[in-house]
1. When you scan the range 154-202, how many residues do you find that are within 24 Å of L32 (Cα to Cα) and open to solvent by 50 Å² or more (accessible area, probe 1.4 Å)?
2. For T195, work out the one condition from (1) modelled with pLDDT under 95; (2) of a type in the set (S, T, N, Q); (3) in contact with a Phe, Trp or Tyr (Cβ under 9 Å, 6 or more places away or on another chain) it doesn't fulfil.
3. Specify the residue that is least open to solvent (accessible area, probe 1.4 Å); the eligible residues are those in the range 137-153 that are free of Cβ contacts under 8 Å to residues at least 12 places away in the same chain and not aromatic (F, W, Y).
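The values are calculated or read from the model by the stated rules, or taken from the named source; none is laboratory data. A quick note: this is a predicted structure, and the numbers were derived from the prediction, not measured. Reconstructed Cβ throughout: ideal geometry from the backbone, glycine too, with neighbour counts over all protein chains shown. Accessible surface areas use protein heavy atoms only, side chains included; no ligands, DNA or RNA. Shrake-Rupley method; radii C 1.70, N 1.55, O 1.52, S 1.80 Å.
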Amino acid sequence: MEAGIPPAAPPVAPAATGQYPIRFDVDYKDKLSRLTTLLRLILVIPQIIVLYVLFIIAEICVLIAWFAIVITGKMPRGLFDLIVNVNRWSANVNAYMWLLRDEYPPFTWDPGNYPVRYEADYEEKRSRLTTLLRLILVIPQMIVLCFVILVAEILAIIAWFAILFTGRFPEGMFGFVRGALRWQFRVNGYFLLLTDRYPPFSLD
């Protein structure tokens, strides 16, 4: 698949009551590769380059979507699907880069090709007001998230050594890093206009 052409998005089942409309999860793997862990920052470079291009495209889509929502109260479905697809690709790469998985991410945003799940529910009606003020509303989340990600980075460094010596990512640390990424993807999704629902201050 060519990275710049979004496929027709499959129908997304509505989230269960109380569930946030943007969801991220990754399966725990009991044994990880010491060699690919050692070389992870080098191996991930091709994916980072592709993601850089994809996020430029996504940012243009977000800008167009911002005007569309402010004027019409609706998020164009095609723009929504493309932004979700880019975030799904990013979710796969982040799980690999943060050592949560050691399988190399596929160069595709199709769901089901990697043991990472990223989903977002399309909302028919959108708030013009919260969209207009999105850059302001997201500030508290960004501040708290900076501290959460800092802790996750420290744990990931410790886990890097743990994997090199034992072949395992300690489950407690894994849970926190996974939760930090879940928080990050919720905030990113809110910032990128995928939902109007304010993200919870939670790792769960």
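1. Number satisfying all stated conditions: 12.
2. (1)
3. Pass one, the range 137-153, residues free of Cβ contacts under 8 Å to residues at least 12 places away in the same chain: 139-140, 143, 146-147, 150, 153.
Right, trim to not aromatic (F, W, Y) and you get 139-140, 143, 146, 150, 153.
Details: I139: 86, P140: 61, I143: 96, C146: 90, L150: 89, E153: 84 Å².
Selected residue: P140.
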